[in-house]
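In what follows, a single structure is set out as structure tokens and then discussed.
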Ligand SMILES: Nc1nc2c(ncn2[C@@H]2O[C@H](COP(=O)(O)OP(=O)(O)OP(=O)(O)O)[C@@H](O)[C@H]2O)c(=O)[nH]1
Ligand SMILES: [Mg+2]
């Protein structure tokens, strides 16, 4: 009989330590989790498993065709037009915006909800903001699932790292008062296969492997960089009164040059651990060898560097953003 890892969903195997689901043969009968999950949980030590995006897409496409209730998760810091993907699910969809504990408490979530409704044409039943870490709205979500679940199985989908496994763990804690844990981690592609978690006789939650976002700054990065750029606590926004010909240097990752000739206000939302420096644009070429993205922004727009930060800008601004190749950089109306 095949056995599955309760941490990542991979089928156990004893032949290849580099492949998913590996356990030493002496532990095959007793192990609950694979070696990789054991090491993530106990040592924070992560091994990347190379699974093709094709495999992930295939799993995702199976869920799209189902008539079940779907929870579509999106990290509040990675909100972009990728969420319109939820319109291609056949079942009833609830949009879950995760990790709201990372935004300053002063931010009005209703404003973001309106922002989402006004900017994206979404076919959703409801939009809920949650924090699995702080148990914010977890009970409310559970009630919503109970009320609207048409079949037993409820699927959680979304980009890798959106917080699907963490939310299942939080929902289990809320119902069964036990410390349950599917493996979660700061690095992408932690869950490798479907994982079924029975909540009660009427609800079974199904965790799915996240879709990999190749435009996210974390894609292909070393664990050290991912740890540095990922916000773990409430973000302290950093405001800079920008004068013409000034630049912001964001760690060793990106550079924003301000090219307009009036004063302006830039507020950066990013991990508190990233150092930011303001410099004179003309005397320093640091990071100018990275890919250039130019923007002519209207009043009250953000420039977003996917997975790294967003910069809220008050007035019309010409900016040049330098960041590594393949990272999605885009503008949007102020989200906050
Ligand atoms: N601050 C904060 N971090 C969270 C929250 N939920 C999840 N995270 C963190 O986000 C990272 C990814 O969480 P996971 O639950 O592994 O994400 P996932 O969607 O299951 O990812 P894959 O399995 O790779 O698809 C982990 O480091 C979590 O600790 C939250 O509510 N607040
Ligand atoms: Mg997961």
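Restricting attention to the stretch 201-238, report how many residues are farther than 27 Å from residue 57 by Cβ, out of contact with any helix residue (DSSP H, G or I) (no Cβ under 9 Å at 6 or more places or on another chain) and more than 12 Å from ligand 1 (Cβ to nearest atom).
Step one: of the stretch 201-238, the residues farther than 27 Å from residue 57 by Cβ are 201-202, 224, 227-228, 231-238.
This time we only want the ones that are out of contact with any helix residue (DSSP H, G or I) (no Cβ under 9 Å at 6 or more places or on another chain), so: 201, 224, 227-228, 236-238.
After this cut, where a residue has to be more than 12 Å from ligand 1 (Cβ to nearest atom) as well, the list is 201, 224, 228, 236-238.
The total comes to 6.
Scan the stretch 239-254 for residues that are surrounded by 17 or more Cβ atoms within 10 Å (Cβ to Cβ) and either within 15 Å of ligand 1 (Cβ to nearest atom) or part of a strand (DSSP E or B) (or both) and jot them down. Give the steps one after another, and end with the answer.
In the first step, residues of the stretch 239-254 are kept if they are surrounded by 17 or more Cβ atoms within 10 Å (Cβ to Cβ); the result is 240, 242, 246-251, 253-254.
Listed by number, the residues that qualify are 240, 242, 246, 247, 248, 249, 250, 254.
Let me confirm something: among 197, 154, which residue is under 19 Å from residue 94 (Cβ atoms), in a strand (DSSP E or B), more than 14 Å from ligand 2 (Cβ to nearest atom) and in contact with a strand residue (DSSP E or B) (Cβ under 7 Å, 6 or more places away or on another chain)?
Details: 197 fails: more than 14 Å from ligand 2 (Cβ to nearest atom).
Step by step, each of 197, 154 is checked, and only 154 is under 19 Å from residue 94 (Cβ atoms), in a strand (DSSP E or B), more than 14 Å from ligand 2 (Cβ to nearest atom) and in contact with a strand residue (DSSP E or B) (Cβ under 7 Å, 6 or more places away or on another chain).
Step by step: first the residues of the stretch 179-194, then only those that are within 15 Å of residue 205 (Cβ to Cβ) and more than 9 Å from ligand 2 (Cβ to nearest atom), then the one that is modelled with the lowest pLDDT. Which residue is that?
This residue is 180.
For residues in the stretch 11-30 being farther than 15 Å from residue 190 by Cα and in contact with a helix residue (DSSP H, G or I) (Cβ under 8 Å, 6 or more places away or on another chain), which is surrounded by the fewest Cβ atoms within 10 Å (Cβ to Cβ)?
Filtering the stretch 11-30 down to residues farther than 15 Å from residue 190 by Cα leaves 12-17, 23-30.
Next, from what is left, pick out any that are in contact with a helix residue (DSSP H, G or I) (Cβ under 8 Å, 6 or more places away or on another chain): 14, 17, 23-24.
On the way: 14: 13, 17: 12, 23: 24, 24: 10.
My answer is 24.
Give the residues of the stretch 310-327 that are out of contact with any helix residue (DSSP H, G or I) (no Cβ under 8 Å at 6 or more places or on another chain) and either buried (at least 19 other Cβ atoms within 10 Å of the Cβ) or closer than 17 Å to residue 231 by Cβ (or both), sorted by residue number. Quick ask: steps written out before the conclusion?
Here is the first cut: in the stretch 310-327, the ones out of contact with any helix residue (DSSP H, G or I) (no Cβ under 8 Å at 6 or more places or on another chain) are 311-327.
Across the stretch 310-327, the qualifying residues are 311, 312, 313, 317, 319, 321, 322, 323, 327.
Being within 17 Å of the chain's Cα centre (by Cα), part of a helix (DSSP H, G or I), without any contact (Cβ under 8 Å) to a residue 40 or more places away in the chain and surrounded by 22 or more Cβ atoms within 10 Å (Cβ to Cβ) narrows it down to one of 116, 97, 168, so name that one. If you could, list the steps in order and put the result at the bottom.
Values: 116 fails: surrounded by 22 or more Cβ atoms within 10 Å (Cβ to Cβ); 97 fails: part of a helix (DSSP H, G or I).
Within the list 116, 97, 168, the selection yields 168.
Select from the stretch 6-35 the residues that are at negative phi, under 25 Å from the mean Cα position of the chain (by Cα) and touching a residue at least 60 places away in the same chain (Cβ under 8 Å) and list them in ascending order.
Once the filter is applied, which keeps residues that are at negative phi, under 25 Å from the mean Cα position of the chain (by Cα) and touching a residue at least 60 places away in the same chain (Cβ under 8 Å), the stretch 6-35 yields 6, 7, 8, 10, 20, 33.
So, residue 176, is that one out of contact with any helix residue (DSSP H, G or I) (no Cβ under 8 Å at 6 or more places or on another chain) and at pLDDT below 95 or not? Quick ask: steps written out before the conclusion?
Values: out of contact with any helix residue (DSSP H, G or I) (no Cβ under 8 Å at 6 or more places or on another chain): yes; at pLDDT below 95: yes.
Yes: the conditions hold for residue 176.
Restricting the stretch 207-230 to residues that are free of Cβ contacts under 8 Å to residues at least 60 places away in the same chain and over 17 Å from residue 327 (Cβ atoms), which is surrounded by the fewest Cβ atoms within 10 Å (Cβ to Cβ)?
Filtering the stretch 207-230 down to residues free of Cβ contacts under 8 Å to residues at least 60 places away in the same chain leaves 220-222, 224-228, 230.
Filter again for over 17 Å from residue 327 (Cβ atoms), leaving 224, 227.
Details: 224: 8, 227: 17.
Restricting to residues being free of Cβ contacts under 8 Å to residues at least 60 places away in the same chain and over 17 Å from residue 327 (Cβ atoms), the top hit is 224.
Would it be correct to say that residue 180 is within 14 Å of ligand 1 (Cβ to nearest atom) and at negative phi?
On the way: within 14 Å of ligand 1 (Cβ to nearest atom): yes; at negative phi: yes.
Spelling it out, residue 180 is indeed within 14 Å of ligand 1 (Cβ to nearest atom) and at negative phi.
Farther than 29 Å from residue 309 by Cβ and assigned to a loop (DSSP other than H, G, I, E, B): which single residue out of 51, 32 fits that description? Let's see the steps before the verdict.
Working: 51 fails: farther than 29 Å from residue 309 by Cβ.
Matching residue, one of 51, 32: 32.
Could you tell me how many of the residues in the stretch 207-243 are more than 16 Å from ligand 2 (Cβ to nearest atom) and either modelled with pLDDT under 95 or within 30 Å of residue 7 (Cα to Cα) (or both)?
18
Checking the condition in contact with a strand residue (DSSP E or B) (Cβ under 9 Å, 6 or more places away or on another chain) and part of a loop (DSSP other than H, G, I, E, B), which residue from 257, 179, 213 passes? Step through it out loud before you land on a result.
Values: 257 fails: part of a loop (DSSP other than H, G, I, E, B); 179 fails: in contact with a strand residue (DSSP E or B) (Cβ under 9 Å, 6 or more places away or on another chain).
The match here is 213.
For residue 198, work out the one condition from (1) in contact with a helix residue (DSSP H, G or I) (Cβ under 9 Å, 6 or more places away or on another chain); (2) more than 21 Å from residue 97 (Cβ to Cβ) it doesn't fulfil.
All conditions are met except number (1).
The values are calculated or read from the model by the stated rules, or taken from the named source; none is laboratory data. It should be emphasised that the depicted structure is a prediction, and the values quoted were computed from it without experimental measurement. For neighbour counting, all protein chains shown are included, and Cβ atoms are generated from backbone atoms with ideal geometry for every residue, glycine included.
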